[in-house]
Each structure stands twice: as structure tokens, then as C-alpha cells.
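The following block contains the structure, expressed as C-alpha cells.
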Amino acid sequence: MSPSSADDGDPAPTGVSNGPAVSRQEFDALFEALRTWGHWSPADRGAWNRVTADHVRRAAAGVRTGTVVPLALPWNTRPGPGNRKPALHHMTDLGDVEAPEPSTHKDFIAADYHGKGITHLDALCHIAYRGQLYDGRTAHEVVDAAGARFGAVSSLGSLVTRGVLLDLPAVLGIPWLEPGRAVHARDVVAAEKALDVTIGEGDAVLLRSGHVRRREELGAWDPDTASAGFHVDALPLLAERGIALLGGDGDSDVRPSPVDGVHSPVHALAVAAMGTPLLDNLDLEALSAAIATAGRYDFMLVVAPLNIPGGTGSPVSPVAVL
């Protein structure tokens, strides 16, 4: 079914599959197989420990044109199907109450950012599976009303590494993947071949499904109900390649979930098992265009989350440098 035949932006057209289904027993076995608990120190930086000074130098050495491409969505204060908890932004000073010059203008921002409307980074304390965070920490013992004492975003710091764009619509010659379409390990391998790029140790992998373009052309829908993203069978391949970060223009999970009783299985595997932070809700449209013009699907990626002690993540505005 072509994207243009979708009805008023409604997701999950006929023929789009989030499967195959995965049983809870199969998922638990996969979780155990992908665990890297006890592998790194400090543990609460997880897979970011893979990125050494050499990785940073190689990423910087790969910059050719100096083109900088922002990857964040605009600060979203408008409610809608994909933004049920809108961000806040209002003025607190209009420069009309001060005596001497200069006058100033000030504003206030806030966000419940772990949703679908704000570009953000998930730290390792964000996801627990079977009551445990990454590295086997018991969630209720290290996370409380004051925040997290393990796996907080403040422990991650900033990341500069090589990024790889898996531009599936470009590979398939379509505008976007329909919501509910699973991306499998075989799709990752085919994309590497078609785009002449290979995912390596310490890389950040970004999946473009065309989510932003579809929303702009067909209208908003509820991505909690249906969205394109990775099937769990892609995670062993990404783990084998030794990635440091996973992200996309959705939240990396295909929805509906193919795993019975687990609503975000890729989150559970990446964050809680592999110690791999996630970047959610990127805008990859400008990067897709720039990278096609450049003729290469790797770039330097810079991610600088806010330094929030105890924070489960952070709104973030990553940039790609080509």
C-alpha cells in the first residue's frame, strides 16, 4: 500500500506488520543473552564507556564540509495525538518593570519530556525490567521522589562519536515507513549495503522512518498506538556491532509491541540489558537531505544533555556535522 493511499493519516494500513510475535519466554531469553551487566566502570554510563578519545578523533576527522544539521524538533507547546503532555513556555519579564537601562526579556520553560512531542535522551535509570535497572540495580532502592542515585543523566555527560543514519525510506524508495512497520536485522544489513555504510564499535545508530514527514503531510496520529521502529530481532545485531547510542524519529520501538506483556521491548533491551541510552523523537528530515547530497551516511554526532542530578533523561538538541 502506498503512503498516499492512507486515509486521513490513520495508521496501520493493510499489509504493515509489527511481527513476528515474540513470547515472553523468548523475550526473557533474549534479555539475558544481551545483558552487559558488570562489564563497565562506571556502570551508570553503560555503553557510552565504549566511546574513547580515539573514537572522538576519528569522528572529527570524518568531517568534510563542516555542514551542521540540527536534529531536534521545535519545543512543542501544542496538544495533539502525539503530544499529550505539551511543553510549557511563557514570558516572565517583558522589560516593562525595570528602572535603569537596559531592559530585559525573560521566559520560563518546562516539559514532561518522556513522551512523543519532545526530542530527548533516555538515561539508564529511565527503564527497569522485572524491577531492575541496568547492571542489576533494584529500581525502588535507587530511584525515589528525589530522583535517581544510579544511572542518572548527569552521570552520562556529553557524547561525541560517529553517527550512522539508517535511512530506510531512502533505501526503499518511499517517503516513509507506515506506522506499525517493524524494522528487522535483515533490514539493517540491507540498509548498510544499499547506503555503503557499516555500523561499528562506539557508533550512534539513528533510524529514519519518515515519521516527521508523514505527520506533516497526512496529519498527526497517536504513535503510542502505531509507529514504525525496530523489532527486537534487530537488537542482537546492534549489540554485536557494539553501538553506544540508539535513536530515531520515533522512539526506536515498533508499535504495537510484538512482545506479549512488554509495551516497549526495545527500550527494555537497549537500556536495561545493554546499557545503551536512547534518543527519541528526532527530526531527521534535514539530515536525510543533507546526507544524500553529501553521498555518505555517516557523520559526527554531538549530544549534550542538560546536567540534571538524579534526572531520568533530558530534553536535548543533538547536531550532526558532515
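Can THR65 be described as touching a Leu at 6+ places or on another chain (Cβ under 6 Å), part of a loop (DSSP other than H, G, I, E, B) and at negative phi?
Values: touching a Leu at 6+ places or on another chain (Cβ under 6 Å): yes; part of a loop (DSSP other than H, G, I, E, B): yes; at negative phi: yes.
Yes, satisfied.
Can you tell me which residues in segment 24-59 are in contact (Cβ under 8 Å) with a residue 40 or more places away in the chain, open to solvent by 50 Å² or more (accessible area, probe 1.4 Å) and not charged (D, E, K, R)?
ALA33, TRP37, GLY38, HIS39, PRO42, THR52, VAL56
Output the residues belonging to segment 96-111 that are at pLDDT below 95 and within 30 Å of SER314 (Cα to Cα).
Residues of segment 96-111 that are at pLDDT below 95, as a first pass: 96-106.
THR104, HIS105, LYS106, listed by residue number.
Consider only pairs whose beta carbons are under 6 Å apart and that are at least six residues apart or on different chains; among these, list those whose first residue lies in segment 233-261 and is under 11 Å from VAL205 (Cα atoms) and whose second residue is part of a helix (DSSP H, G or I) and of a type in the set (A, V, I, L, M, F, W, C).
Correct list of pairs: ALA244/ALA47; ALA244/TRP48; LEU246/ALA270; SER252/VAL266.
Which numbered condition in (1) modelled with pLDDT of 95 or more; (2) on the phi < 0 side of the Ramachandran plot; (3) of a type outside the set (Asp, Glu) is the only one that VAL16 fails?
Among (1) modelled with pLDDT of 95 or more; (2) on the phi < 0 side of the Ramachandran plot; (3) of a type outside the set (Asp, Glu), VAL16 violates only (1).
Does any residue of segment 274-282 turn out to be of a type in the set (Asp, Glu) and within 18 Å of ILE199 (Cβ to Cβ)?
Scanning segment 274-282, I find no residue that is of a type in the set (Asp, Glu) and within 18 Å of ILE199 (Cβ to Cβ), so the answer is no.
Turning to a different aspect of this structure: Filter segment 70-97 down to residues that are open to solvent by less than 80 Å² (accessible area, probe 1.4 Å) and more than 26 Å from TRP221 (Cβ to Cβ) and give me whichever is farthest from the chain's Cα centre (by Cα).
It comes out as GLY95.
Just give me the residues in segment 137-176 being of a type in the set (Val, Ile, Thr), within 18 Å of GLY46 (Cβ to Cβ) and touching a Phe, Trp or Tyr at 6+ places or on another chain (Cβ under 7 Å), in sequence order.
VAL142, the sole residue that qualifies.
Just name the residue that is nearest to the chain's Cα centre (by Cα) out of those in segment 131-157 that are more than 20 Å from MET274 (Cβ to Cβ) and among the small types (Gly, Ala, Ser).
Looking at the filtered set, the residue picked out is SER154.
Give segment 135-180 a look and list any residue that's part of a helix (DSSP H, G or I) and open to solvent by 10 Å² or more (accessible area, probe 1.4 Å), or say none.
Going residue by residue through segment 135-180, those that are part of a helix (DSSP H, G or I) are 135-136, 139-142, 153-156, 168-172.
Passing the criteria: ASP135, GLY136, ALA139, HIS140, GLU141, VAL142, SER154, SER155, ALA170, VAL171, LEU172.
The values are calculated or read from the model by the stated rules, or taken from the named source; none is laboratory data. Bear in mind that the values here come from a model prediction, so they are computed numbers and not experimental data. Here the Cβ is made from the backbone with ideal geometry for all residues, glycine too, and neighbour counts use every protein chain on show. For accessibility, only protein heavy atoms count, side chains too; no ligands or nucleic acids. Shrake-Rupley method; radii C 1.70, N 1.55, O 1.52, S 1.80 Å.
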